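Heads up, the thing below is written out as structure tokens.
The values are calculated or read from the model by the stated rules, or taken from the named source; none is laboratory data. Computed from a prediction, not measured in an experiment: that's the story for all the values here. Note that we place each Cβ from the backbone using ideal geometry, even for glycine, and neighbour counts take in every protein chain shown. In case anyone asks, the SASA skips ligands and DNA or RNA and just uses the protein heavy atoms, side chains included. Shrake-Rupley method; radii C 1.70, N 1.55, O 1.52, S 1.80 Å.
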Amino acid sequence: MPTGVHLRDARQQLFDAAERVLLRDGPDALTSRAVTDEAGCAKGVLHRYFSDFDAFLTDLVLDRAAQLETQASALRKSAGTGTVTDNLTTALTTLFGPVPVAVIPLIIFRDELRARLRRATPGGGIAILAQVATAISAYLADERELGRIAADADIDSLTLSLVGGGHLLFADRDPCPPPTATVAKLVTTVLADVVQRRPR
């Protein structure tokens, strides 16, 4: 592999290459060699910017987790509009897109990566899932304040049910994501009691 390939934004290009490998071949195929081959650069380029491969993966996960902030912000802005079920169905479909779903098993099966993520951000051991949970929890709290779900709704339990159930629905990478109707059914089932008891 040529060593003279110039990477204008090397970190971002390496992240993008890693994402392509992850989506195409899965977490088992994600090695430093696979990343640099995909980026079209020498293996030493990665180590010029990162102390080791786990450092690279930590920054990759944090970068991709940060990208969820836009979707989280859109979800919170939707509070009080449309229906709670539709808003959460859309949010789960977006937050559990192909990249987040591919990153989660990478985190789960790499102990050192989880340890570094915990050191980097409080509660960050399972980054991505933590970001999704924070977004869903904040949205539910907003809707409770607006009276669209019951005042005594247990936000933590609802969040766990939605995030855990959502992850299970989207975790199968083959052949495609679940239909919108399937996601909506999960949301409807989880929220049925609190929405039925909302103030009139």
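Worth a mention:
Matching residues to (1) part of a helix (DSSP H, G or I); (2) of a type outside the set (Asp, Glu):
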position	(1), (2)
Ala102	yes, yes
Arg114	yes, yes
Ala127	no, yes
Asp156	yes, no
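- Scanning region 49-93 for residues that are open to solvent by 60 Å² or more (accessible area, probe 1.4 Å), without any contact (Cβ under 8 Å) to a residue 40 or more places away in the chain and in contact with a helix residue (DSSP H, G or I) (Cβ under 7 Å, 6 or more places away or on another chain) gives a single hit, Tyr49.
- Residue check: Gly164 meets all listed conditions (1) in contact (Cβ under 8 Å) with a residue 12 or more places away in the chain; (2) closer than 14 Å to Leu88 by Cα but one, namely (1).
- When Leu46 is tested against (1) surrounded by 17 or more Cβ atoms within 10 Å (Cβ to Cβ); (2) closer than 30 Å to Ser137 by Cα; (3) of a type in the set (A, V, I, L, M, F, W, C), just one condition goes unmet, and that condition is (2).
- Looking across region 147-183, the residues that are out of contact with any helix residue (DSSP H, G or I) (no Cβ under 7 Å at 6 or more places or on another chain), of a type in the set (A, V, I, L, M, F, W, C) and loosely packed, with under 13 Cβ neighbours inside 10 Å come down to Leu168, Cys176, Ala181.
- Annotation: Arg118 fulfils all but one of (1) open to solvent by 80 Å² or more (accessible area, probe 1.4 Å); (2) part of a loop (DSSP other than H, G, I, E, B); the unmet one is (2).
- Test: residue in region 174-188 that is of a type in the set (D, E, K, R) and at pLDDT 95 or above: yes
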